[in-house]
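Heads up: the structure comes next, in structure tokens.
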Amino acid sequence: MAKALVMVLVVGLFGYGAWWTCQRHPEWTSQLEEVLPLGEFRTLEIRYTADQIMESCRKELLKSNRHRYLESSLKFYPYLLMEVKYSLNSKKTHESQILWDLCDGEMVLDAKSWEKTHGFGDCMIVSADKNEFKVIHCLAKRGGGLDREGLVRELHLEHEMLDLLMERLRKKHMVVFAGNRYRLHLQNPRLQTLPSTKMEERLVSKTGKQMQKVSKRFSFSQVERLAKAAFGEDFSVRYTTDIYLPVHEIVVENPDGSLHTSLWNALNGKRIIYSHAVD
């Protein structure tokens, strides 16, 4: 009996440790998926081939006749598709879908244009909480900046509480002070949005371990925690699906032998620019 109890405890601790590790290091999960034959995975449809993009964007990519294309590759970038419900007021509940990029931490606003938010990824990195988000939302609504008295009026906070929040956000490099004025430490923040992605695209299935998947930078728990802080306590996730966006990596060899790699969305044929390196 004692041995069985010890075994249960060991299994439980191992399971918790594995879960904790996956949440803290989502990139390790992606690397594990690379070596395990996990079968099918869900992805968006490839509508543009690398050859089509290279031909249509030839003038942009090949600056002269001394530049030349090398072999392109297809990689799959991780996203989280969430079915959610939320309430803007106490009278009505809304249901929607959200597509969240697990590489840059931003929410896709429109799956056709691939327009995204800007700023949620930074907030996720510093684990902004709901009180800090009230300040962030207020500044975003006011064009990114507001003076101290304006914040006190908008947020109905005591001066001491506001000072505490602003100091925390300053240490997290989310706000900067300029005299009596505070502003978001983001270029062109885009945070004022409903928790919804305009999405009419269909999902398809891919099989095979040989598919190149890019590592996740963020986990589901990080996204869920951020979304609840950003969209309020009435926000909840009903269902989630891991999906992947097919992306062409097009390589150009320059006249000096150096290489330039650009990323292209295989769904809409448009260029993708990440502010940080992804693996």
Scanning the stretch 151-170 for residues that are surrounded by fewer than 12 Cβ atoms within 10 Å (Cβ to Cβ) and of a type outside the set (D, E, K, R) gives His156, His159
Here the residues within the stretch 209-238 that are within 18 Å of Phe120 (Cβ to Cβ) and basic (Lys, Arg) are Lys216, Arg217, Arg225, Lys228
Log entry, pairs with first residue in the stretch 48-64 being in the same structural domain as Lys270 (by TED's automatic domain parsing) and under 23 Å from Ser258 (Cβ atoms), second being outside any helix (DSSP H, G or I) and of a type in the set (Ser, Thr, Tyr), beta carbons closer than 8 Å, six or more apart or on different chains, reads Ala50/Ser72; Met54/Tyr69; Met54/Ser72; Leu61/Tyr69; Leu61/Ser262; Leu62/Tyr69
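A quick yes/no check of all residues on (1) assigned by TED's automatic domain parsing to the domain that holds Phe76; (2) free of Cβ contacts under 8 Å to residues at least 12 places away in the same chain; (3) among the β-branched types (Val, Ile, Thr); (4) over 30 Å from His248 (Cβ atoms):
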residue	(1), (2), (3), (4)
Asp122	no, no, no, no
Gly145	no, no, no, yes
His156	no, yes, no, yes
Leu165	no, no, no, yes
His173	no, no, no, yes
Lys213	yes, no, no, no
Filtering the stretch 148-170 for residues that are acidic (Asp, Glu) and touching a helix residue (DSSP H, G or I) at 6+ places or on another chain (Cβ under 6 Å) leaves a count of 1
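Table: residues versus (1) of a type outside the set (Ser, Thr, Tyr); (2) at pLDDT 95 or above; (3) outside any helix (DSSP H, G or I).
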position	(1), (2), (3)
Met82	yes, yes, yes
Leu88	yes, no, yes
Leu99	yes, yes, yes
Val108	yes, yes, yes
Lys112	yes, no, yes
Phe133	yes, no, no
Leu139	yes, no, no
Leu146	yes, no, yes
Scan the stretch 99-114 and tell me whether some residue there is surrounded by fewer than 20 Cβ atoms within 10 Å (Cβ to Cβ) and at positive phi. yes
Filtering the stretch 117-132 down to residues that are closer than 25 Å to Gln97 by Cβ and crowded, with 20+ Cβ neighbours inside 10 Å yields Thr117, Gly119, Phe120, Gly121, Asp122, Cys123, Met124, Ala128
Pairing a residue in the stretch 102-120 that is closer than 13 Å to Tyr77 by Cβ with any residue that is among the β-branched types (Val, Ile, Thr) and in a loop (DSSP other than H, G, I, E, B), where Cβ atoms lie under 7 Å and the two sit 6 or more apart in sequence or on different chains, gives Cys103/Val214; Cys103/Val278; Glu106/Thr117; Val108/Thr197
Considering only strands (runs of 3 or more DSSP E) wholly within the stretch 171-279, the ones with at least 1 residues that are buried (at least 16 other Cβ atoms within 10 Å of the Cβ) and among the hydroxyl-bearing types (Ser, Thr, Tyr) are 181-184, 236-253, 259-265
Counting only residues that are in contact with a strand residue (DSSP E or B) (Cβ under 7 Å, 6 or more places away or on another chain), among the hydroxyl-bearing types (Ser, Thr, Tyr) and farther than 22 Å from Glu106 by Cβ, the stretch 38-89 contains a total of 4
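Is it fair to say Arg170 is under 29 Å from Ser127 (Cα atoms) and charged (D, E, K, R)?
Here the answer is yes, as Arg170 does meet what is asked.
The values are calculated or read from the model by the stated rules, or taken from the named source; none is laboratory data. No experiment lies behind these values; they were computed from the predicted model shown. A quick note on method: Cβ atoms are made from the backbone with ideal geometry, for glycine too, and the neighbour counts reach across all protein chains shown.
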